[in-house]
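Heads up, the thing below is written out as structure tokens.
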Amino acid sequence: DSLGLLYSAFTYYTGFKVNSGEYKVMGLAPYGEPKYVDVIYNELVNLREDGSFELNQQYFNYLTGLTMTNGAFDKLFEGRPRVPESKLTQREMDLARSIQVVCEEIMLRMARTVHRETGMKNLCLAGGVALNCVANGRLLREGAFDHLWIQPAAGDAGGALGVAQLIWHRYNRAPRTVTSGGGDGMKGAYLGP
């Protein structure tokens, strides 16, 4: 199960383009009320204390269809997905706020579990959900980590970079060093001339 796919389902349902409009959902959230949070927890997401979760796939279409959600999702939220570029309503604002609240809670629980299990002071994130700056701010304020670092290529490409780096270190038996002092250990986010 994927927090990114859950968030993308709401991106689709609120009328934005999946894999590029998630920031719009995050930006729309402050204008809404979290009125669908209980529905999300009761019907879509089985969230555990450690942050692990399961999605109820009967509401989603992304595994087998051409859309992210299906008719059961429409019934659950009392309407069809917003037509892209049509007028935003309070419903979309409330949906955005609700999924943002759920996303933040899942991320917080996961981060606290990782901290409890590792005792580490620093947290590094990659993947599309790591681009949710509102959730990241909450992780810094309420989470257990002293520092948070987001890979600049935080989308799917960031996952590939992380795996490549891990394999390089293991193959070469090279030490993994941590740069401290607030400098730019990457020496810039761009590769090439």
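What follows draws every value from the coordinates through simple rules; no lab data is involved. Predicted, not measured: the structure shown is a model, and the values here were computed from it. Here the Cβ positions follow ideal geometry from the backbone for every residue, glycine too, while neighbour counts run over all protein chains shown.
Given the C-alpha centroids of segment 1-70 and segment 119-173, what is the distance between them in whole angstrom?
Comparing the Cα centres of segment 1-70 and segment 119-173, I get a distance of 22 Å.
Can you flag which of LYS17/LYS75; LYS24/LYS121; LYS35/LYS121 are past 27 Å Cα-Cα?
Working: LYS17/LYS75 21 Å; LYS24/LYS121 31 Å; LYS35/LYS121 35 Å.
Over 27 Å Cα-Cα: LYS24/LYS121; LYS35/LYS121.
Over the chain, what is the relative contact order in percent, taking alpha-carbon pairs closer than 8 angstrom and at least six residues apart? Provide the component values of the computation, followed by the final result.
Working: 236 pairs, mean separation 40.3, N = 193.
Averaging sequence separation for qualifying contacts and normalising by length gives 21 percent for the chain.
Can you find, among VAL39, SER86, ASN19, the residue sitting farthest towards the positive end of the charge dipole of segment 1-104, where Lys and Arg contribute +1 and Asp and Glu -1 at Cβ?
About the Cα centre, the residue reaching furthest to the positive side is SER86.
If a helix is a whole DSSP H run, which ones in the chain reach 24 Å or further along their own axis (Cα) and hold a mean Kyte-Doolittle hydropathy of at least -1.0? Display every interim value, and only then the final one.
Details: long enough: 90-118 (42 Å, -0.39); 156-172 (25 Å, 0.01).
Qualifying helices: 90-118, 156-172.
Kindly work out what percent of the DSSP beta bridges joining two residues of the chain are antiparallel, to the nearest 5.
On the way: 4 of 8 bridges.
Here the share of antiparallel DSSP bridges comes out near 50 percent.
Label points 7 Å out from Cα along the Cβ direction at ALA174 and ASP1: separation in nm?
3.8 nm
When the Kirkwood hydrodynamic radius is evaluated over all pairs of different C-alpha atoms of the chain, what value in angstrom, to one decimal, is obtained? Please list the in-between numbers first.
Working: mean 1/r = 0.0549 Å⁻¹.
Hydrodynamic radius (Kirkwood, Cα only) of the chain equals 18.2 Å.
Using the basic label-point model (7 angstrom from Cα toward the beta carbon), what is the ASN46 to THR113 distance in nanometres?
1.4 nm
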